[in-house]
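Okay, structure first, notes after.
The values are calculated or read from the model by the stated rules, or taken from the named source; none is laboratory data. Quick caveat, the model's predicted, so the values are computed rather than measured. Please note: Cβ atoms are built from the backbone with ideal geometry, for glycine as well, and neighbour counts cover all protein chains shown.
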Amino acid sequence: MKRRDFLKSVTGVAAGAMVPAPAIWSAAKAQARSETLLIVSESGPNNLDIHGVGTNVPGYEVSWNCYDRLITHEMKTGPGGVAYYDRDKFKPELAEDMKVGDMSVTFKLKKNAKFHDGAPVTAKDVKWSLDRAVSVGGFPTFQMGAGSLTKPEQFVVVDDSTVRIDFAKKDRLTIPDLAVIVPCVINSELVKKNASEKDPWGLEYTKQQTAGSGAYKVTKWTAGTEVIMERNDDWVGGPMPKVKRVIWRMVPQAGNRRALLERGDADISYDLPNKDFVELKDSGKLNIVSVPYSNGVQYIGMNVKIPPFDNPKVREAVACAIPYQKIMDVVLFGLAKPMFGAAANAPTEVAWPQPTKFVTNIEKARALLAEAGFPNGFETTLSFDLGFAGVNEPLCILVQESLGQIGIKTTINKIPGANWRTELNKKALPLYTNVFSGWLDYPEYFFIWCYDGKNSIFNTMSYQSKEMDAFIHGAVDAAAIGDKAVYEKDVKGFVDLAFKDIPRIPLYQPYVNVAMQKNVSGYQYWFHRRLDYRALVKA
Amino acid sequence: MLTMIGKRLMFAIPSLIGVVIVTFLLTRARPGDPAAYFAGPAATKEAVEQIRKKLGLDKPLIEQFFRYTADLARGDFGNSLTTGQPVATEIKNRLPASAELTLLGLVVSIVIAIPLGVLAATRPGSWIDHLCRVTTTAGVSLPVFFTGLVLVYVFYFRLGWSPAPLGRLDVFYSAPPAVTGFYLIDAIIARDFETFRSALSQLILPAATLAVFSLAPIARMTRASMLAVLSSDFVRTARASGLSPGTVIVTYAFRNAMLPVITTLSMVFSFLLGANVLVEKVFAWPGIGSYAVEALISSDFAPVQGFVLTMAVMYVLLNLLIDILYGVIDPRVRLEG
């Protein structure tokens, strides 16, 4: 073969296979396309059951859509007109009604509720599922405990369709905790059949398939590649979802996720870099929704046990030297809610998160540092989680530069995602940036984790103060008995103290960014920040 | 022949044992605590300990090792924590995806590189020689993810000729019944030409990316080896005897120049199979490379060990195959020697 002919034929073959290959060929496939929602995201679930060992966050999304809970939240209009879950209003999902007594709550189940395999949902299933949540250990048990749900004896079968949950103690978070993802109702007979002596709760079985009564069921799951979910047409937990089929594909490359959206091939993507979101927003070709994380704050933390951060003056100096506005503009492209720069005379609110009064003031920072006995500054390390390098890295470089101006020389310490939590757990990082957000949107919930003297993993600053503990526990106790005045006083108390002692410097409330095609509507913001397919509509 | 193969496989056993020990120790020596990672963002110390116990990581290292080898002997590679699946199944599912892509990339590369190398060698200093030099230098110096992204940008995003970079098949096609695991072959077996076409069109861009990258070693090696052979005595004799240039080059020179090319091919293939992580990432390809890297990032031991072991076995088999091929191409090569 001559060289020319050969080259011609090669390009010919390549072009031949490429050009006439439209995505959809037959009419049936076009039909399927209009009833199917194609979601692309960076990573997928590693387990379909939230009770599993080490289930990752994408796994929560599957659980949320494929299982029902007894109750769920009502919707309200949130920031920017986005449908937003209503923290204080509950509506029944699997339950028909809910009667809250003094020390217990009773649920009556919907009579016609069925699991995906057709078995009716009974009180026994509910008890078994809740028992499982408080018994399997790890994250689910811990989350149940956050609402004072700790022992199987608390869940009582009254009759076939009635369940009573006894309170261990009065706790405002018990009812909200029954509406999070963890207390989902599982088909107990089906799972028990597939359980073994080594695995009495059947975790291996539910890891691979969904066994719930939810609006969707997983029909195919290829780990790391795709999840396909079909609508459960017998669902009684709410209005029938419009989307028949959800295909969720993992596309690791952010640029490709954007290209897929812009070309109109993907319907929704929700983990694009901020810059891409801003550009997509400006182009106006897609629906872009940005909602602040509920009860979440990105912050600069300082370990108060490690000198010189044990000195409040040093911490205040750092807080005055943070380039807040620059971070908002350069790192986040404005896609976050500032948590700094409140007016000097602004009163403290009974809310969390709320902005501090700090603004960038290098002169003041220098003076404070001199006052603290470090006129020439000091050296330290500034650590961040590489798993979120897109935001953390530029943020830390800005902070490093700014702290340099007051003589604090920082070395940036990049910690791989897998090690981040281990390092935080050691509580040996002097200065770092991190983000925390709580599912339950209550100020005292945030503070118990992040500021309480029992020094949980999220109290990354090892901050311990008797005064702080008194405010936090005062607020928790006041909330349980509904003493509004004391509650408000204590919340303001702990917020003021947190800003005065400033062991962690709030920077901003991050946004959840969702990009979708113009013909997709019905996005709802949930505390877990994952997608709720049940409300989505594709025109 | 058979005794030779048996002998070669026997020799491979100590190196495989070495690989098992080294990967086990290396994965354990990495910083990072899988228990803390998988306990989730909201885990308490107790929760982390519970996870550690469940994963068997609270046991002494030596006990973990014996348990691991005992499982291996039963063909159990353990479970991946990131994907939640048994490692053996995952590798079985993902290896064909990588192999299909790599083989196709390699075939495209061979089809272009070998003629290019031969032509460059027969006309040293001509424009085709320069073309060969320029393309290979460009190919090897462009990072694969860059080539991949440019191809996606041009052929998918701008021109719309290529389908969405969403892995092995368009979302609305289902995979053909698995026989070989290679979608192209399976689709032909199932006589499902629509799927064949979809699979092929998904393959073109990633395969082209890999081909661009692997052009250089093959073309350069072909050229160098051809040059050496063309200047040897027997070629001069053949020419002097009045054989046509075609016969001299193809029958005499090319066959003799093949040995180093085959060696390069085997190296390129095994290298690509493991190293096409970036291509897999760019094209959302469910292959073995991206699997291993993701596992590594999340301190997920079992898949890393499984991956290294699989690659080691593949190297052993590939080397054996190449040695056998040597014998076919050049009967003078003695396998024992």
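Matching residues to (1) within 14 Å of chain A (Cβ to nearest Cβ); (2) on the phi > 0 side of the Ramachandran plot; (3) of a type in the set (S, T, N, Q); (4) in a loop (DSSP other than H, G, I, E, B):
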position	(1), (2), (3), (4)
B:229	no, no, no, no
B:243	no, no, no, yes
B:252	no, no, no, no
B:255	no, no, no, no
B:260	no, no, no, no
B:272	no, no, no, no
B:284	yes, yes, no, yes
Please go through the stretch B:28-47 and pick out each residue that is within 13 Å of chain A (Cβ to nearest Cβ) and modelled with pLDDT of 75 or more. B:35
Counting only residues in the stretch B:264-287 that are among the hydroxyl-bearing types (Ser, Thr, Tyr) and at pLDDT below 85, the one farthest from residue B:329 (Cα to Cα) is identified as B:270
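One residue is enough: does the stretch A:497-505 have a residue meeting the conditions closer than 28 Å to residue A:82 by Cα and part of a strand (DSSP E or B)?
Narrowing the stretch A:497-505 to residues closer than 28 Å to residue A:82 by Cα: none.
Taking every residue of the stretch A:497-505 in turn, none turns out to be closer than 28 Å to residue A:82 by Cα and part of a strand (DSSP E or B).
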Any residue at all in the stretch A:55-71 that is touching a residue at least 40 places away in the same chain (Cβ under 8 Å), part of a strand (DSSP E or B) and touching a Lys or Arg at 6+ places or on another chain (Cβ under 8 Å)? yes
Within the stretch A:277-312, considering residues that are farther than 18 Å from residue A:80 by Cα and free of Cβ contacts under 8 Å to residues at least 60 places away in the same chain, the one nearest to the chain's Cα centre (by Cα): A:279
When every residue in the stretch B:139-177 that is among the small types (Gly, Ala, Ser) and free of Cβ contacts under 8 Å to residues at least 24 places away in the same chain is compared, the one nearest to the other protein chains (Cβ to nearest Cβ) is B:164
Within the stretch A:218-236, the residues that are touching a Pro at 6+ places or on another chain (Cβ under 8 Å) and within 11 Å of another protein chain (Cβ to nearest Cβ) are A:221, A:222, A:223, A:224, A:225
For the stretch A:78-145, which strands (runs of 3 or more DSSP E) that fit wholly inside it have 2 or more residues that are modelled with pLDDT of 90 or more, exposed (fewer than 14 other Cβ atoms within 10 Å of the Cβ) and of a type in the set (A, V, I, L, M)? none
Which of (1) out of contact with any Asp or Glu (no Cβ under 7 Å at 6 or more places or on another chain); (2) outside any loop (DSSP other than H, G, I, E, B); (3) more than 8 Å from chain A (Cβ to nearest Cβ) does residue B:50 not meet, given it meets every other one? (3)
Give the residue, chosen from B:225, B:198, that is of a type outside the set (A, V, I, L, M, F, W, C) and under 22 Å from residue B:183 (Cβ atoms). B:198
Out of all the residues in the stretch A:237-275, which are within 10 Å of chain B (Cβ to nearest Cβ), part of a helix (DSSP H, G or I) and touching a strand residue (DSSP E or B) at 6+ places or on another chain (Cβ under 6 Å)? A:257, A:260
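For every residue, the table says whether it meets (1) out of contact with any Leu (no Cβ under 7 Å at 6 or more places or on another chain); (2) polar (S, T, N, Q); (3) without any contact (Cβ under 8 Å) to a residue 24 or more places away in the chain.
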position: A:170; (1), (2), (3): yes, no, no
position: A:179; (1), (2), (3): yes, no, no
position: A:198; (1), (2), (3): yes, no, yes
position: A:206; (1), (2), (3): no, yes, no
position: A:215; (1), (2), (3): yes, no, no
position: A:229; (1), (2), (3): yes, no, no
position: A:241; (1), (2), (3): yes, no, no
Across the stretch A:171-202, which residue is modelled with the lowest pLDDT among those that are assigned to a loop (DSSP other than H, G, I, E, B) and basic (Lys, Arg)? A:198
Within the stretch A:130-166, restricting attention to residues that are more than 14 Å from every other protein chain (Cβ to nearest Cβ) and touching a Gly at 6+ places or on another chain (Cβ under 9 Å), which residue is nearest to residue A:94 (Cα to Cα)? A:164
Which is assigned to a helix (DSSP H, G or I) and more than 28 Å from residue B:310 (Cα to Cα), of B:120, B:88? B:120
Scanning the stretch A:500-539 for residues that are out of contact with any Lys or Arg (no Cβ under 7 Å at 6 or more places or on another chain) and either closer than 18 Å to residue A:358 by Cβ or of a type in the set (Gly, Ala, Ser) (or both) gives A:500, A:501, A:504, A:505, A:506, A:507, A:515, A:521, A:522, A:535, A:539
Filter the stretch B:1-27 for residues that are surrounded by 13 or more Cβ atoms within 10 Å (Cβ to Cβ) and not aliphatic (A, V, I, L, M); which is nearest to the other protein chains (Cβ to nearest Cβ)? B:27
